[in-house]
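The values are calculated or read from the model by the stated rules, or taken from the named source; none is laboratory data. If you're wondering where the values come from, they're calculated on a predicted model, not measured in any experiment. Here Cβ is always computed from backbone atoms with ideal geometry, including for glycine, and neighbour counts include all displayed protein chains. Surface accessibility is based on the protein's heavy atoms, side chains included, excluding ligands, DNA and RNA. Shrake-Rupley method; radii C 1.70, N 1.55, O 1.52, S 1.80 Å.
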Amino acid sequence: MAQMSRDGEQVIFIVENNKMNFRNRKTLQTLTVVVLLAYTILLVYQSFSTGVIDHENMDVRTSVEKTRSFRQRLQRYLSRDQDLEGDLQNLDNPGTMASNFIPGEVTQVTMRPFMTELNDMFISVKTTKHFHKERLPIILKTWFQLAKDQTWFFTDTNDYDFQKMTNGHMINTNCSSSHSRKALCCKMSVEFDTFIETDKKWFCHFDDDNYVNIPRLVDFLGDYNPREDWYLGKPSIQAPLEIINKDKSSQKVKFWFATGGAGFCLSKALALKMMPVASGGKFISTGEKIRLPDDVTMGYIIEHLLKKPLTVVDQFHSHLEPMKFIRRDILKDQISFSYSKNKEEWNVVKIEGFDTKYDTNRFLSLHCFLFPETRFCPR
Ligand SMILES: *[C@@H]1O[C@H](CO)[C@@H](O)[C@H](O)[C@H]1NC(C)=O
């Protein structure tokens, strides 16, 4: 602006000096100053008013720029020769990560009325002390690295080693370590209460035998408004569950529930509505009343008590389905995977990569397939 007004002044002098005599010069100078002052005020006013109007667009643009720079930094991060520990936190906007994996990101980002970022999520992983050593290391080596600050492990003991490795993200629920209905509902209850205390927009629950495709999850949730009621997951039965409600003269109750072993997500709006029957330990008493496991209790509360339907999401996978049927060309679109061992038969994702002796549940190979730039992946 300063440059502009100086230029303006010069132009006026060249033109005007030819016509005016020297005595009028003072008057002209005063006039010029007045005109310039008025012009400056006008410019300042204009930039302020458009600044206010454009504020939202500016936010979007900034986000897109952040997305771009995040992509570059993610690329750099993934191709580093250093260890994965303590790194991704430094990225200022890890939430826009999902947008890095889809073409036409700019339109998609700007068209959405709300933005879902990694940091809008609260990811809980249910585990137990018996499985820490067997199941957590692979999670910590793979997908946890992409959501370190958002992922919390809910367990039943204090484990100093894993507390350190997860940067303090192990929560001792003080629940029993048995696989009983009550113990499971107890953990879900703590997961739910912990989420409610945060300012996160989404609660996503997984088990310790899940692989979570973090960027895909973030991108997927971007299509749903967390201010609306959403219960997103995948049932593992063909028809809604039917139970008898002993309270109400043996009335039949039918509802769907998302299998906990496949993972599911709840929007903040829905979680808040669930509070009267699910928060502060009430999840346990509700579970006790119907005498069914945690994920079924979740379905009962949401579908039956609150009358909010489950939205079936095919991209969640539990070990109850055969993993080998997930085609290689759609692996990238899936949100969660699992594995199981039945007698000597392994139910695992069919993917090339590391030797099965070294990578029995295929999570390392899957991670390298999805994120080939990761340090430990072969080039
Ligand atoms: C578990 O018990 C300890 C010790 O009494 C307590 O500090 C902690 O807050 C409890 N955890 C939960 C999730 O309630």
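Sorting ASP209, ASP333, ASP229 by solvent-accessible area of protein heavy atoms yields ASP333, ASP229, ASP209, largest first, with a 1.4 Å probe. Each Lys or Arg adds one and each Asp or Glu subtracts one; over the other residues with Cβ under 14 Å from the Cβ of VAL190, this totals -1. Largest first, the residues TYR358, TYR339, TYR300 sort by 1.4 Å accessible area into TYR358, TYR339, TYR300. Relative to the globular-protein estimate of 2.2 N^0.38 Å, the Cα radius of gyration of the range 118-370 stands at 0.98. The mean of 1/r over all distinct Cα pairs in the range 140-274, once inverted, gives the Kirkwood hydrodynamic radius of 16.7 Å. In this structure, the pairs whose alpha-carbon distance is over 18 Å, taken from LYS201/LYS273; LYS126/LYS187; LYS126/LYS182; LYS148/LYS268; LYS182/LYS289, are LYS148/LYS268.
For the range 118-370, the solvent-accessible area works out to 44 Å² per residue, with a probe of 1.4 Å and every protein chain left in place. Need one number: the % of Cα-Cα pairs in the range 275-379 sitting beyond the 23 Å mark. In whole percent, the long-distance tail amounts to 48.
With a Cα-only, solvent-free Debye model of the range 231-297, what are the log10 I(q)/I(0) values at q = 0.27 Å⁻¹? At q = 0.27 Å⁻¹ the computed log10 ratios are -1.33.
For the range 118-370, DSSP calls about 50 percent of its internal beta bridges antiparallel. Distance from the C-alpha centroid of the range 207-260 to that of the range 165-190: 20 Å, rounded to the whole angstrom. The 1.4 Å probe gives accessible areas that order ARG227, ARG291, largest first, as ARG227, ARG291.
About its Cα centre, the dipole of the range 118-370 is roughly 520 debye, where the only charges are +1 on Lys and Arg Cβ and -1 on Asp and Glu Cβ. Any idea of LEU241's accessible area? Nearest 10 Å², probe 1.4 Å. For LEU241, the solvent-accessible surface is approximately 40 Å².
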